[in-house]
Amino acid sequence: LPALEELWLRDNAIADINSIQPIAFLTTLKRLVVKPNPVCRALRPQSASEKRDGEKKSGVTRELYWHVCVSKLSNLEYFEAKPVSTEAKDSASAFMLSSEGRKALRDNGFSFSQQAAAVPPAPPPSSR
């Protein structure tokens with residue numbers, strides 16, 4: 001699937017955050033839809049400033065899978081039918097690298113070793 005640009009994963013009973021890791025290898029993906037799936041319900045924890053400002057988890061905080069998908073897919077233009085800005089990509093990447101992000105991922109069963117080990121196979125050499 002080296003040229004895949006659009007993928008709809010809705011209603012596939014995807015419950016585990018590790019199950020969405022392989023999409024990182026879809027480097028040409030521009031549009032992705034994952035909702036509704038059980039994995040979409042895991043929220044990232046609120047930051048200290050969100051708690052201080054009294055912001056509610058629903059609506060203000062992004063779901064954890066959003067951070068995983070948006071940070072891993074550099075060519076993503078639309079996620080869940082909404083445009084993905086450069087700022088959103090930067091925010092997702094920053095969250096994934098933060099201690100808060102790593103803890104949230106660990107708490108939701110994200111396997112960092114699986115992520116590092118999941119290297120796509122190299123394409124066969126051209127015989128031309």
With a Förster distance of 22 angstrom and the Cβ-Cβ distance between ASP16 and GLU100, calculated FRET efficiency to the nearest 0.05 equals 0.60
Can you tell me which of 24-33, 1-10, 100-109 comes out highest on packing, and rank the rest after it, using the mean Cβ neighbours within 10 Å?
24-33, 100-109, 1-10
Run the quick spin-label model on TYR78 and THR27: label points 7 Å from Cα toward the beta carbon, then report their separation in nm to one decimal.
2.5 nm
Listed by chain and number, the residues whose amide H is under 5 Å from that of LEU9, excluding neighbours fewer than 5 places away on the same chain and using placed H, are VAL33, VAL34
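The numbers here are math on the coordinates, done by the rules we state, and not lab data. Everything numeric here is computed off the predicted structure, so don't read it as measured data. For neighbour counting, all protein chains shown are included, and Cβ atoms are generated from backbone atoms with ideal geometry for every residue, glycine included.
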